[in-house]
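**Student:** Supplied in structure tokens, the structure appears directly below.
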Amino acid sequence: MTTMQKIKDIEDEMAKTQKNKATSAHLGMLKAKLAKLRRELLEPGTSSGAGGGGGRGEGFDVNKVGDARVGLVGFPSVGKSTLLNKLTGTFSEVASYEFTTLTCIPGVVRYRGAKIQLLDLPGIIEGAKDGKGRGRQVISTARTCNLILIVLDCLKPISHKKLIEHELEGFGIRLNKKPPAITFRKKEKGGINFTTTVPNPKLDLESIKAVCSEYKVHNADIHLKEDCDVDDLVDVIEGSRVYIPAIYVLNKIDQITIEELNVIDKLPHYCPVCAYHEWNLDGLVEMIWEYLDLLRIYTKPKGKLPDYNDPVILPGGRSTIEDFCNRLHKGIIKQFKYALVWGTSCKHRPQKVGKEHVLNDEDIVQLVKKI
């Protein structure tokens, strides 16, 4: 029996099983089995039995350039190629028939001093996660992105959105989600120890033991910090999930009414555009910048004004002076003595800081080396 046949059998059994407290452990075990089988599809050289082997294939091995990578994902003929052409000036073939783009086409958007790489990926179809079309290559490339643009045709059913989400979820991509607040630690003995500060959690000890048993884990400490379900536990144990922000780009808004547009504009994570007429493309680029959460750090040589034309771009979150040094050159940190920082990350301007100092957007940094 092929991997795909095993997956289908489990999905059929899950569909037939009623969801209640009595079946939660059994469903948890099935979800763990399903996750393990889907992992096999990602492993190089694994045959899915549904057409096409592993790997990214011709045209998919695109070098990562710039400060961030954004992937355009969607069904065929929704306007991804037109969007790439308008945003980057890169030529990606456009036609009114499906599957015009058969390989991954890269382009670059320059915005606020950052170079953002855009990838026009071939249109995915239902069953992509199982190897149909070039689905596995497309979704594997999407996993390497810092942001995914799910391009939708506003005249097509909203079910397209759910289908794409289902395909990406099947390959371990979690959209607009944070990693589950679950601490999982294997140990040598003592069985499964489950603790939580959450009242009436969705997870119970029986379900946790069923999932752990499927992974041959018989001794572990598991602590639940927030209310999570079986799927979250499976994700933590698998450890291969990627958590990527996503924007739903609703294209071809020239074909809908103002009333419909007003409704769409209020939905979270949505950005209405018309790539052909270049409507709201500036708004989309601004939204891309916001979701990428990049930092612009300006350098200041001693005795000179800051260089505002060529910022050093760092990931948002907790980028430090050490990250700043390493982005400039790997050898700088060995000569680092301290830094002077001007900006919102400091109480004083300038403030003398060490390499652990966390930077904010548009901080100015002057490095002082050891003598």
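Read-outs throughout are calculated quantities, based only on the coordinates presented, and are distinct from any laboratory measurement. Not measured: the values here are computed from a predicted model. Cβ sites come from the backbone with ideal geometry, for glycine too, and all protein chains shown count toward neighbours.
**Student:** Give the shape of the range 294-369 as rounded, prolate or oblate, defined through the alpha-carbon gyration tensor: a ≥ b ≥ c are the square roots of its eigenvalues, a/c under 1.5 means rounded, and otherwise the shape is prolate if a/b is larger than b/c and oblate if not.
**Tutor:** Rounded is the answer for the range 294-369, as its axis ratio a/c remains below 1.5.
**Student:** Say we join alpha carbon atoms closer than 10 Å with springs in a Gaussian network model of the chain; which of Cys212, Cys145, Cys104 then has the biggest fluctuation?
**Tutor:** Most flexible of the set in this elastic network: Cys212.
**Student:** Figure the gain on full extension for Thr344 and Glu278 (residue separation times 0.36 nm, minus the Cα-Cα span) and round it to one decimal in nm.
**Tutor:** Contour length minus the Cα-Cα distance gives 20.2 nm.
**Student:** Here is a further query. Which shape class applies to the chain: rounded if a/c is under 1.5, otherwise prolate when a/b exceeds b/c and oblate if not, where a ≥ b ≥ c are the square roots of the Cα gyration tensor eigenvalues?
**Tutor:** In terms of gyration-tensor shape, oblate.
**Student:** If you don't mind, another one. Kindly identify the range 155-258 as rounded, prolate or oblate by the Cα gyration tensor criterion: order the square roots of the eigenvalues as a ≥ b ≥ c, call it rounded if a/c is under 1.5, otherwise compare a/b with b/c, prolate if a/b is larger, else oblate.
**Tutor:** Note, shape of the range 155-258 comes out prolate.
**Student:** Now, a different point. Relative to the Cα centre, what is the charge dipole magnitude of the chain, using +1 at the beta carbon of each Lys and Arg, -1 at the beta carbon of each Asp and Glu, and rounding to the nearest 20 debye?
**Tutor:** Using only the charged Cβ atoms, the result is roughly 1780 debye.
**Student:** Got a sec? Charge dipole of the range 294-369, +1 on Cβ for Lys and Arg, -1 for Asp and Glu; which of Val368, Val341, Leu294 is way out at the positive end?
**Tutor:** Of Val368, Val341, Leu294, it is Val368.
**Student:** Moving to a separate point now. Which of Ile148, Ile264, Ile288 moves most in a GNM of the chain, Cα contacts under 10 Å?
**Tutor:** Evaluated over the chain, the most mobile residue of the options is Ile264.
**Student:** Determine the relative contact order of the chain: mean sequence separation of Cα pairs under 8 Å and six or more apart, normalised by residue count, in whole percent.
**Tutor:** Here the relative contact order equals 14 percent.
**Student:** Note down the nm distance, to one decimal, between modelled labels 7 Å out along Cα→Cβ at Lys19 and at Leu163.
**Tutor:** Placing both labels 7 Å beyond Cα along the Cβ direction yields 2.2 nm.
**Student:** Further question: Using the alpha-carbon centroid of each, what span in Å lies between the range 308-339 and the range 206-278?
**Tutor:** Each part reduced to its Cα centre gives a spacing of 32 Å.
**Student:** Counting DSSP beta bridges in the chain, what percent are antiparallel, to the nearest 5?
**Tutor:** 50
**Student:** Cut-off under 14 Å on the C-alpha distance; same-chain residues fewer than 8 positions from Lys202 excluded. Which aspartates and glutamates are left, in chain and number order?
**Tutor:** Glu226, Asp227, Asp229, Asp231, Asp232
**Student:** While we're on this one: Any aspartates and glutamates with Cα under 17 Å of the Lys8 Cα? List them, leaving off those in the same chain fewer than 8 positions away.
**Tutor:** Glu40, Glu126, Asp130, Glu167, Glu169
**Student:** Work out the length of the dipole vector of the range 294-369 about its Cα centre, built from +1 on the beta-carbon of each Lys and Arg and -1 on the beta-carbon of each Asp and Glu, and round it to the nearest 20 debye.
**Tutor:** Charge dipole of the range 294-369: 400 debye, to the nearest 20.
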